[in-house]
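Asker: The structure's right below; bear with me while I get my questions together.
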Amino acid sequence: MLKQFFIICSGSDTEILKGCSKGEQNKYAGIGATVFFTAVMAFIASSYALYTVFDNWLIAAFFGMIWGLLIFNLDRFIVSTIKKRDNIWKELIQASPRIVLAIIIAIVIAKPLELKIFEKEINQVLLEEKNGLTKANQNQIATQYAPEIKGLQKEIKTQQQQIDSKEAEVNALYDTYISEAEGTKGTLKVGKGPVYAEKRQKHDALLTELQQLKADNKAKIKASEASIATLKSNYKEQVVSSQPIIDNYDGLMARVNALGELPWLPSFFIFLLFLAIETSPIFAKILSPKGEYDFKYADQETAIETWVMQKVNERNVLLDSDATINNKVYNDIIDEEELYNYKRKKARELMQLQSDSFFNHQKDVL
């Protein structure tokens, strides 16, 4: 039962193969098994590849089955149409379209399994890339807020310097009028005289300005600090909101790019493995020796071809003979007076009908 199934998979003529030896039947059963298991491998690999895209086993299995059946039908068709010839290069040329397609399929199918085999290494590469993306994202977002924050901090510093400068002037005036009262500086007279009163008045006026400046600048500084806090809060919120996008940076294309960062030799050998699997049905048929089935198949094919050629030749001879006879008949009757008069009569009637038709048409127009 299994042997018969694999023979069907090989695309061979089962009626011819029934009359062949057991060894010949086993050979084509082996070719059919190669075709079948190539389709199974195509189904498994394509299902996993589609699972990485859709993240759903049912969808992946459905489309993977379609892909496997497509490969099965294609291999079965090509294997069944490859004719055994005395020249292996002609067989390779006949199978060349499938070999090119096998290379493309091997590349497409090998990648998903490479992603699975090197998953840990790929995850490490992706982690490093995510860390770099996180840092770059933070720096990029910071460029949106940094100039404004620096401007506000500069304003705060300027306002504080104004307070410090004014406070230094007030303290200097305080020291001046105290020294005047103590007689250590200025007039060097102890007591609160006119000079002391003048300096005290100047100090008190400046102190009032200082208090007003402190009140104004403190309010400005407080507002600037609140703005800075809001900007920093917005920055953190934007960083947090954009982080999930970076965390999800592990799709198919990202993993393929990460795989490209790894050494190429292991991936190349996996590609060669799948290339060998994809081309195995073709090379199994090409490398198999010409056997009993091939001779019987060629005999049946050439018998039909000869029969068709005989029919075509017979028709060509019949056509040539009929043409010769017709030419002879027409040559014999070309000089008969009765035929001439009959055709002359019919030509006259035809010309009369044409004249009447033209006259009626012109009459309708006028």
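Asker: Does LEU69 fit the bill of being surrounded by 14 or more Cβ atoms within 10 Å (Cβ to Cβ), modelled with pLDDT of 80 or more and assigned to a helix (DSSP H, G or I)?
Answerer: Values: surrounded by 14 or more Cβ atoms within 10 Å (Cβ to Cβ): no; modelled with pLDDT of 80 or more: yes; assigned to a helix (DSSP H, G or I): yes.
Answer is no for this residue.
Asker: Return the pair list, or none, for Cβ contacts closer than 6 Å from residues in segment 219-232 that are touching a residue at least 24 places away in the same chain (Cβ under 8 Å) and surrounded by 11 or more Cβ atoms within 10 Å (Cβ to Cβ) to residues that are in a helix (DSSP H, G or I) and of a type in the set (Phe, Trp, Tyr), at least 6 apart or on different chains.
Answerer: Between residues of segment 219-232 that are touching a residue at least 24 places away in the same chain (Cβ under 8 Å) and surrounded by 11 or more Cβ atoms within 10 Å (Cβ to Cβ) and residues that are in a helix (DSSP H, G or I) and of a type in the set (Phe, Trp, Tyr), the close pairs are LEU231/TYR145.
Asker: What number of residues within segment 159-180 are within 18 Å of SER224 (Cα to Cα) and surrounded by 13 or more Cβ atoms within 10 Å (Cβ to Cβ)?
Answerer: Result for segment 159-180: 4.
Asker: Continuing with this model, one more query. Being part of a helix (DSSP H, G or I), at pLDDT 80 or above and among the small types (Gly, Ala, Ser), is that true of even one residue in segment 18-28?
Answerer: Looking through segment 18-28, none of the residues is part of a helix (DSSP H, G or I), at pLDDT 80 or above and among the small types (Gly, Ala, Ser).
Residue by residue, here is whether (1) modelled with pLDDT under 75; (2) farther than 22 Å from ARG76 by Cα holds:
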site: GLU278; (1), (2): yes, no
site: GLU301; (1), (2): yes, no
site: SER321; (1), (2): no, yes
site: ILE334; (1), (2): yes, yes
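Asker: Given PHE62, PHE77, which one is free of Cβ contacts under 8 Å to residues at least 40 places away in the same chain and either in a helix (DSSP H, G or I) or among the aromatic types (Phe, Trp, Tyr) (or both)? Quick ask: steps written out before the conclusion?
Answerer: On the way: PHE77 fails: free of Cβ contacts under 8 Å to residues at least 40 places away in the same chain.
Residue meeting the stated conditions: PHE62.
The values are calculated or read from the model by the stated rules, or taken from the named source; none is laboratory data. In this text the structure is predicted, and so the values were computed from the model without any measurement. Cβ sites come from the backbone with ideal geometry, for glycine too, and all protein chains shown count toward neighbours.
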